[in-house]
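S.K.: A single structure is presented below for examination.
The values are calculated or read from the model by the stated rules, or taken from the named source; none is laboratory data. Given the structure is predicted, the values throughout are model-derived calculations rather than measurements. Cβ sites come from the backbone with ideal geometry, for glycine too, and all protein chains shown count toward neighbours.
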Amino acid sequence: MHPALAGDLSRLPELLQSARDVAAHEAEALAERPVAVSGTAPPPEPLPEDGAGADVALARFAERWAPGFSGSAGPRYLGFVTAGATPASLAGDWLTSAFDQNLSGAGGSWAQELERQTVAWLRELFGLGEAHSGAFVTGATASNTVGLAIGREWLGERLGVDVSRAGAAALGPVDVLSGSPHSSVPKAMSVLGIGRDRLRKVPLLPGNREAVDVAALESALAGLDGRPAIVVANAGTVNTVDFDDLRAIAALKERYDFWLHVDAAFGGFAALAPEHAALVDGLDAADSVCVDLHKWLNVPYDAAVQFTRRRDLQVKVFHNASPYLGLPAGEPDFLHLTPENSRRLRALPAWFSLVAYGRAGHREIVERNVALARRLGAGVDALPGLRLLAPVRLNVVCFTLAEDPTQERVDALARAVAASGEAYVTPTVHGGVPGLRAAFSNWRTTEADTERVLRVLAAASG
Ligand SMILES: Cc1ncc(COP(=O)(O)O)c(C=O)c1O
């Protein structure tokens, strides 16, 4: 054994203790860590020839790189929909690496059963019935890709083509219809050989809405003359968190032939809060569903879940055919359900968080975040230099400069907010107007944090 490895092996408990100390310090200081860091990263270094041991690696990381890492897991980082990691999920994430399980059924471990149990809990949390099965993937982009891959296979079934063998080209042109799809949907279409240009944007409801006009969707489906299609419904759009009417869209299935995929990346969490659960009414009728867990469940990157009613088609797409991997009768191993073969036990952090805080704890996070978004929305509305671009529907405040909101001026505002180190918001364009989004999803965010964000916005726009 290399001496550096042998040395680390002999001191493994001490080494993990040192890493714990660094992590604990960072986690404690997170709320006050600058939300965004500027400056230049250290210059590239040559590949180390002789290893220096893990203590040196830890010290070098702490000294050279950690100061440039942002507080994006903290309470006033309101960019994208990032959230953070609950204490229990962080512990679960550490143990995922410590146990480093082989998740294939042939691996002789119960780890796969833990993933199955966690998926079943999540299915219940999001109000899905037992007809839905699920698997963990790396994020909502992967979840949308898997859902559309199963939908593509379903199109083959309808048209008498075995897509997993003959390829996507055998389908001919595919129609994917959606109102306000996330950019990961055309990306998935590119990956799947459907092609980004086959996305047909359906008109939205009038009145500053991002939800699809179901009557327009029906006309578009009628125009396909019976050709099967894929519909992507959106449960929580990134700018204004608008929701398609899932029940009305699902009802169209009685008259038109389509695969219904729902991107509920973060909007799916509305199901946890009685006041908002109606927004995802009808989710269970979907053929495939995407929910991101590193967003509003507050588990570390990278974790999302994908659900489907057609596990048989999923296996057709993702079956990893080799005698050494097997495909036993009954529950397929996850490696036959997702793009990855070897996979991390990314269910463990979610399992930890659900055991530690339960449905009620996670509901409290969702409800508090929504209340804080409303509070910031009201505050922004009252500031003379800013105006809301849309009502606060759930957990995102979409706003812009009251006067002359050019891209340049809005970008400058975003930079000024980030430079404060106090808050972080991301630029967007809504209804053709450049603006900013402040997304609440972090378990730590409080009223005091929201007031601090508001003060920064007031100063930067004043
Ligand atoms: C609605 C929606 N879908 C998909 C995604 C992609 O998620 P990920 O970055 O986890 O791939 C996002 C991310 O913001 C999203 O908001």
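S.K.: Within segment 222-259, restricting attention to residues that are within 16 Å of the ligand (Cβ to nearest atom), over 19 Å from the mean Cα position of the chain (by Cα) and part of a strand (DSSP E or B), which residue is surrounded by the fewest Cβ atoms within 10 Å (Cβ to Cβ)?
M.R.: Once the filter is applied, the top-ranked residue is 230.
S.K.: Also, quick follow-up: Just give me the residues in segment 112-141 being over 20 Å from residue 357 (Cα atoms), among the aliphatic types (A, V, I, L, M) and either surrounded by fewer than 19 Cβ atoms within 10 Å (Cβ to Cβ) or away from the ligand (no atom under 16 Å from the Cβ) (or both), in sequence order.
M.R.: Answer for segment 112-141, where residues must be over 20 Å from residue 357 (Cα atoms), among the aliphatic types (A, V, I, L, M) and either surrounded by fewer than 19 Cβ atoms within 10 Å (Cβ to Cβ) or away from the ligand (no atom under 16 Å from the Cβ) (or both): 128, 131.
S.K.: Exactly one condition in (1) farther than 23 Å from residue 218 by Cβ; (2) hydrophobic (A, V, I, L, M, F, W, C); (3) touching a residue at least 60 places away in the same chain (Cβ under 8 Å) is false for residue 185; which is it?
M.R.: The single condition residue 185 does not satisfy is (1).
S.K.: Is it true that residue 57 is free of Cβ contacts under 8 Å to residues at least 24 places away in the same chain and of a type in the set (Gly, Ala, Ser)?
M.R.: Considered against the rule, which asks whether it is free of Cβ contacts under 8 Å to residues at least 24 places away in the same chain and of a type in the set (Gly, Ala, Ser), residue 57 comes out as yes.
S.K.: I need a count of the residues in segment 197-212 that are in a loop (DSSP other than H, G, I, E, B), under 20 Å from residue 389 (Cβ atoms) and in contact (Cβ under 8 Å) with a residue 24 or more places away in the chain.
M.R.: Counting residues in segment 197-212 that are in a loop (DSSP other than H, G, I, E, B), under 20 Å from residue 389 (Cβ atoms) and in contact (Cβ under 8 Å) with a residue 24 or more places away in the chain gives 5.
S.K.: Return yes when residue 196 is within 24 Å of the chain's Cα centre (by Cα) and more than 14 Å from the ligand (Cβ to nearest atom) and no when it is not.
M.R.: yes
S.K.: Looking at segment 292-314, which of its residues are in a strand (DSSP E or B) and within 16 Å of the ligand (Cβ to nearest atom)?
M.R.: Listed by number, the residues that qualify are 292, 304, 305, 306, 307.
S.K.: Separate question: Between 184, 180, which is in contact with a Leu (Cβ under 7 Å, 6 or more places away or on another chain), within 16 Å of the ligand (Cβ to nearest atom) and among the polar types (S, T, N, Q)?
M.R.: Just one listed residue meets the conditions, 180.
S.K.: May I pose another question? Can residue 299 be described as surrounded by fewer than 24 Cβ atoms within 10 Å (Cβ to Cβ) and either on the phi > 0 side of the Ramachandran plot or of a type in the set (A, V, I, L, M, F, W, C) (or both)?
M.R.: Numbers: surrounded by fewer than 24 Cβ atoms within 10 Å (Cβ to Cβ): no; either on the phi > 0 side of the Ramachandran plot or of a type in the set (A, V, I, L, M, F, W, C) (or both): yes.
So residue 299 does not fit the description; no.
Residue-wise test of (1) among the hydrophobic types (A, V, I, L, M, F, W, C); (2) under 26 Å from the mean Cα position of the chain (by Cα).
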site	(1), (2)
371	yes, yes
379	no, no
386	yes, no
399	yes, yes
418	yes, yes
428	no, yes
438	yes, yes
453	yes, yes
458	yes, no
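S.K.: Follow-up question, since we're still on this one. Quick one: which residue in 382, 350, 371 is farther than 19 Å from residue 445 by Cα, of a type outside the set (Val, Ile, Thr), at pLDDT 95 or above and more than 16 Å from the ligand (Cβ to nearest atom)?
M.R.: Only one candidate passes the filter, namely 382.
S.K.: Among the residues of segment 262-278, what is the count of those that are within 18 Å of residue 210 (Cα to Cα), more than 11 Å from the ligand (Cβ to nearest atom) and surrounded by 17 or more Cβ atoms within 10 Å (Cβ to Cβ)? It would help to see each step written out before you state the result.
M.R.: Quick first cut of segment 262-278, residues within 18 Å of residue 210 (Cα to Cα) only: 262-268, 270, 276, 278.
Of the ones still in play, those that are also more than 11 Å from the ligand (Cβ to nearest atom) are 270, 276, 278.
Still in the running and surrounded by 17 or more Cβ atoms within 10 Å (Cβ to Cβ): 270, 276.
Here the count works out to 2.
S.K.: For segment 129-161, give me each residue that is of a type in the set (Phe, Trp, Tyr) and over 10 Å from residue 304 (Cα atoms).
M.R.: From segment 129-161, those of a type in the set (Phe, Trp, Tyr) are 136, 154; that's our starting set.
Hit for segment 129-161 is 154, nothing else.
S.K.: Residues of segment 162-196 being of a type in the set (D, E, K, R) and in a helix (DSSP H, G or I), which ones?
M.R.: 165, 187, 196, listed by residue number.
S.K.: Can you tell me which residue is farthest from residue 209 (Cα to Cα) among those in segment 396-415 that are touching a strand residue (DSSP E or B) at 6+ places or on another chain (Cβ under 6 Å) and either of a type in the set (S, T, N, Q) or in a strand (DSSP E or B) (or both)?
M.R.: 407
S.K.: Return only the number of the condition from (1) of a type outside the set (A, V, I, L, M); (2) away from the ligand (no atom under 16 Å from the Cβ); (3) surrounded by fewer than 23 Cβ atoms within 10 Å (Cβ to Cβ) that residue 152 does not satisfy.
M.R.: Only one criterion in (1) of a type outside the set (A, V, I, L, M); (2) away from the ligand (no atom under 16 Å from the Cβ); (3) surrounded by fewer than 23 Cβ atoms within 10 Å (Cβ to Cβ) is unmet by residue 152, namely (3).
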